[in-house]
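Heads up: the structure comes next, in structure tokens.
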């Protein structure tokens, strides 16, 4: 039986453009970095135009921005390939932190097979920005992983 995570990663690699920056973030990026975590979905981050082009390519319905007090992205849509994990596609993700909205900016771009992820240090910074209890717990996982290396 095929691994649902791998099915989704292979799907992302086929639909995301080769000529535009994009990243896998969240728990899947941590797993691809060697951190012991089990992703339940795949988070894809890119500029709005890149995500919108993928949405149109897939014929996916545009989703209204979720009423979320901490995150907003436009466009945002979800897609689940057959046998794979759900994929969240986020354009121009912004995070409400310390009283204001901050656009997520990623500078590093590590190649993990045919997928792009931020460096582990940058993933740590992103998780700190997100600041939810589960994100802070993942920072501890990163620190433990780095201590073992």
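The values are calculated or read from the model by the stated rules, or taken from the named source; none is laboratory data. Please read all numbers here as calculations on a predicted model, not as lab measurements. For neighbour counting, all protein chains shown are included, and Cβ atoms are generated from backbone atoms with ideal geometry for every residue, glycine included.
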Only one of these conditions is not met by residue 95: (1) over 12 Å from residue 24 (Cα atoms); (2) part of a loop (DSSP other than H, G, I, E, B). Which number is it?
-> (2)
Enumeration of residues in segment 80-111 that are farther than 23 Å from residue 123 by Cβ and either modelled with pLDDT of 95 or more or touching a strand residue (DSSP E or B) at 6+ places or on another chain (Cβ under 6 Å) (or both) | 80, 81, 82, 83
What single numbered condition from (1) under 15 Å from the mean Cα position of the chain (by Cα); (2) closer than 26 Å to residue 139 by Cβ fails to hold for residue 69?
-> (1)
Do we have any residue at all in segment 45-66 that's closer than 24 Å to residue 137 by Cα, at pLDDT 95 or above and surrounded by 14 or more Cβ atoms within 10 Å (Cβ to Cβ)?
-> yes
Residue within segment 131-149 that is touching a strand residue (DSSP E or B) at 6+ places or on another chain (Cβ under 8 Å), assigned to a loop (DSSP other than H, G, I, E, B) and modelled with pLDDT under 95 present | yes
